[in-house]
Amino acid sequence: MGQVMDSKRAGGRIAARLLSIIGALAFSTAALPGVPKDLRIPTGEVSAEEVAKQVYFANHFYAFKNFSIERSGDTMAVLVTRTPDGRTSYTGVERHLNNEYDDGEIQARDLAIFHSGQSRGMGMLVTDYVDDAKSQNYMVWLPSLRKIRRFAEPAHDEMWGGAVFTFGDVTLRKPQHEEHEIIGKKRFRTCLGVIEEVEGRTMRHVDKMPKRACRHVGKEVYGLKSTTKFENWWYDYRISFVDTRTFADYRTVYFKDGKMIKIIDRDWGLVSDSAEGDQRALFWKYWYGVELDSGRESWAVIPQSVVEFDRERRDSFWSESTLRRLKR
Amino acid sequence: MKNKQMRRFFQSAAITGGVLCAAVAQSATTDYLEAVRAELAEFETGKFTLAPESPWISRADSGAGIADVEGFTAFLRRELPGTYILFVRLPRPTRVKIFEEYINTGDLGKARSDIYNLLYRDR
């Protein structure tokens, strides 16, 4: 009995960590009635709320029917985490998002498969519903137990060990959770952050880690101040640098009691120069985050060579049976 | 005795090295935070003030990044000399177009194949 409980607890811990890793690399699939998948590109003057919705659209890959970070041999996305004592760890992951549901019930499904690190062999299927009141369904395949476990939606501020991204940062936070204000418009001037110790270095799954991204220098950005509506929250407000044309949010700086506490930088790229005729048809090339009080850093890198979109694939791919077929 | 001295030497060297590495890492983080603060301050003051030697400002010769077609050319010359030789043979408007596409997509592989195709295959 004790062993069963231990194994359940271990499974729970593993799943919680897995959820956190997914948060760090996730395509967000949270639903929002105010942000339809066919949200139009605004013309003329844009309100702060409209900018927030457009950022949500870009971050949820609504410009695509489906979007995948495939695995090609050993090449796939990698999440590197560095602790303040200098230790780094990495996890390789393959991901598949499906936005093409028209049954009025399911909004999107997201499948993640882990190929290295402590979560190797694990898989997760996240189902998001059209009904905003219905929480997401998380199904996790735990190879050590050879069982699927179901979990409720994690807390917005939940994060894992070395990774600095919260579920709210990448999956759960919606425009209506905050009040928005445009504080200005200017040119973006600096390069995006990286874990300097591994910048440009050889790394499993991606061959070489990229160098800091400076491609966005000179692009026009809005300053979007978003103040949380949650009480006693871990941040008071955050300021995002949002591209005025593509609505890519290159940088977000979090503040608590007037002090800068966390930064997240995102390098974005168009999937191809003429992709979809929609300037929001973007993907994340990397995410970098640093927590200023602890010094923890995380860096998720997605090689362009394994990015595919609008691929012909059966809906049954996003199902429990795919999880059950995973091998460690 | 000699072994003991050698061990002490290596221990102290390792500690010094560790401290130096930590100092370098700390300094780099400070540079990054200064860059972020300068970006934020510009919304309030309308001015961007950051030391020109900051490694977070894009400069063609720094390896830190690419912000214009000249920077992109220097980057190719340094990192992909073969591609650079072909790139500089293209007319300037084509070079600008390739650079702009790279800025949007971040896809260096496509930029390389486009340069090759424009010079040879598409002719």
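Readers should treat all values here as calculations from the given coordinates under stated rules, not as data from a laboratory. What you are looking at is a predicted structure, and each value in this text was computed from that prediction instead of being measured. Cβ sites come from the backbone with ideal geometry, for glycine too, and all protein chains shown count toward neighbours.
Using only the Cα atoms of chain A, build the gyration tensor, take square roots of its eigenvalues as a ≥ b ≥ c, and label the shape rounded, prolate or oblate: rounded if a/c is under 1.5, else prolate if a/b is larger than b/c, else oblate.
rounded
So which lysines pass the test for residue A:259, namely a Cα distance under 20 Å, with those fewer than 8 places away in the same chain ruled out?
Hits, sequence-local ones excluded: A:225, A:229.
Mind giving me the nanometre distance, one decimal, between the label points for residue A:131 and residue A:320, set 7 Å out from Cα along Cα→Cβ?
1.9
For the stretch A:83-167, what value does the Rg/Rh ratio take when both radii are computed over Cα atoms and Rh is the Kirkwood radius, given to two decimals?
1.02
Label point 7 Å out from residue B:119 along Cα-to-Cβ: which residues of the stretch B:74-99 have amide N under 13 Å?
What the label zone holds, given the 13 Å backbone N cut-off, is B:76-77, B:80-91, B:95.
So for the pair residue A:232, residue B:45, with labels modelled 7 Å out along Cα→Cβ, what separation do we get in nm?
Reported label-point gap for residue A:232 and residue B:45 is 3.8 nm.
Given Cα pairs under 8 Å that are at least 6 residues apart, what percent is the relative contact order of chain A?
So the answer I get is 20 percent.
Quick check: from the Cα gyration tensor, does the stretch B:69-121 come out rounded (a/c under 1.5), prolate or oblate?
rounded
Averaged across A:184-197, how many Cβ atoms of other chains sit within 10 Å of each residue's Cβ atom?
Across A:184-197, the average partner-chain Cβ count within 10 Å equals 6.
Distance from a point 7 Å along Cα→Cβ of residue A:148 to each backbone N in the stretch A:314-328: keep the residues under 14 Å and list them by number.
A:316-326
Take peptide A:215-224, look around each residue's Cβ out to 10 angstrom, count Cβ atoms belonging to other protein chains, and average those counts.
4
On a 0 to 90 degree scale, rounded to 10, what angle separates helix A:2-25 from the longest Cα axis of chain A?
Once rounded, the angle reads 30 degrees.
Could you give the size of the charge dipole of chain A about its Cα centre, using +1 on the Cβ of each K and R and -1 on the Cβ of each D and E, expressed in debye and rounded to the nearest 20?
In debye, rounded to 20, chain A gives about 1180.
What lysines sit close enough to residue B:97 to cross-link, taking a C-alpha to C-alpha distance under 30 Å and skipping anything fewer than 8 places away on the same chain?
A:65, A:185, A:186, A:208, A:211, A:219, A:285, B:110
Return one number: the angle in degrees, 0 to 90 and rounded to the nearest 10, between the long axis of the Cα atoms of helix A:48-59 and the longest principal axis of the Cα atoms of chain A.
40
Packing-wise, with mean Cβ within 10 Å as the measure, how do A:136-148, A:105-117, B:80-92 rank, highest first?
Top to bottom by mean Cβ count within 10 Å: A:105-117, A:136-148, B:80-92.
What does the convex hull of the Cα atoms of the stretch A:208-328 come to per residue, in Å³, rounded to a whole number?
Output value, Cα hull per residue: 209 Å³.
On full extension of the chain, what length is gained from residue A:313 through residue A:158, given 0.36 nm per residue of separation minus the C-alpha to C-alpha distance?
Roughly 52.6 nm would be gained on extension.
Using only the Cα atoms of the stretch A:155-201, build the gyration tensor, take square roots of its eigenvalues as a ≥ b ≥ c, and label the shape rounded, prolate or oblate: rounded if a/c is under 1.5, else prolate if a/b is larger than b/c, else oblate.
In terms of gyration-tensor shape, oblate.
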